[in-house]
Each structure stands twice: as C-alpha cells, then as structure tokens.
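I have placed the structure first, in the form of structure tokens, so that the comments after it can refer back to it.
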Amino acid sequence: MFSLSKILFLALVIGAVWFGWRWYNRVGAVGRERLRERERRGSGKPTSATGGGSPQVGAEDMEKCPECGAYVAPRSAVACGRPVCPYGR
C-alpha cells in the first residue's frame with residue numbers, strides 16, 4: 001500500500017510546497033518594503049535616478065535636426081559637429 005518511493009515522493013512534494021510558500025512570502029515582503037521605501041522617498045523632492053540630487057527632466061518631444069537629420073530632444077541636444085548645427089552650445 002505505502003511503498004518507500006511513494007513516501008519519498010510525498011515528502012518531496014510537501015517540501016517543495018513548503019519552500020515555495022516561504023519563497024512566495026519572502027518575495028512579497030521584499031516587494032512591500034520596496035513600495036514603502038518608494039513612497040517614503042516620493043514624499044520629498046524628486047531626485048534623479050543616479051542620486052545626483054538634480055530634479056528629473058520630464059518627457060520631451062523629439063525634433064529632426066535640419067542639418068544632420070538625427071532626432072534630438074531640443075532642450076538637451078548637443079551639437080553634432082557640423083558648422084551650421086542649430087544645437088551648438
């Protein structure tokens with residue numbers, strides 16, 4: 001009726017379920033902690049992802065450079081090296 005292989009298989013299934021449940025709870029706890037940390041940081045001033053302390057730049061529409069044809073963000077564009085580049089700073 002109960003062979004050694006059935007008992008070992010049942011023990012493996014119970015162990016897999018046990019460790020799976022522990023892993024699931026651990027991942028959930030880490031996720032909740034990250035969410036709390038993000039909410040705690042979000043209450044202050046916005047900072048960049050690099051931690052430099054400068055405010056984050058919002059999304060910008062891209063414009064095609066009339067000289068070289070590359071699409072650039074106008075406020076943060078740098079010169080492409082051509083003499084008549086409109087983004088030379």
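The values are calculated or read from the model by the stated rules, or taken from the named source; none is laboratory data. Not measured: the values here are computed from a predicted model. Quick reminder, even Gly has a Cβ in these numbers, built from the backbone with ideal geometry, and neighbours come from all protein chains shown. We work out accessible area using only protein heavy atoms, side chains counted, and drop any ligands, DNA or RNA first. Shrake-Rupley method; radii C 1.70, N 1.55, O 1.52, S 1.80 Å.
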Under a 1.4 Å probe, counting only protein heavy atoms, R38 has an accessible area in Å², nearest 10, of 150 Å²
Simple SL model, points at 7 angstrom along Cα→Cβ for R34 and M1; separation in nm is 4.9 nm
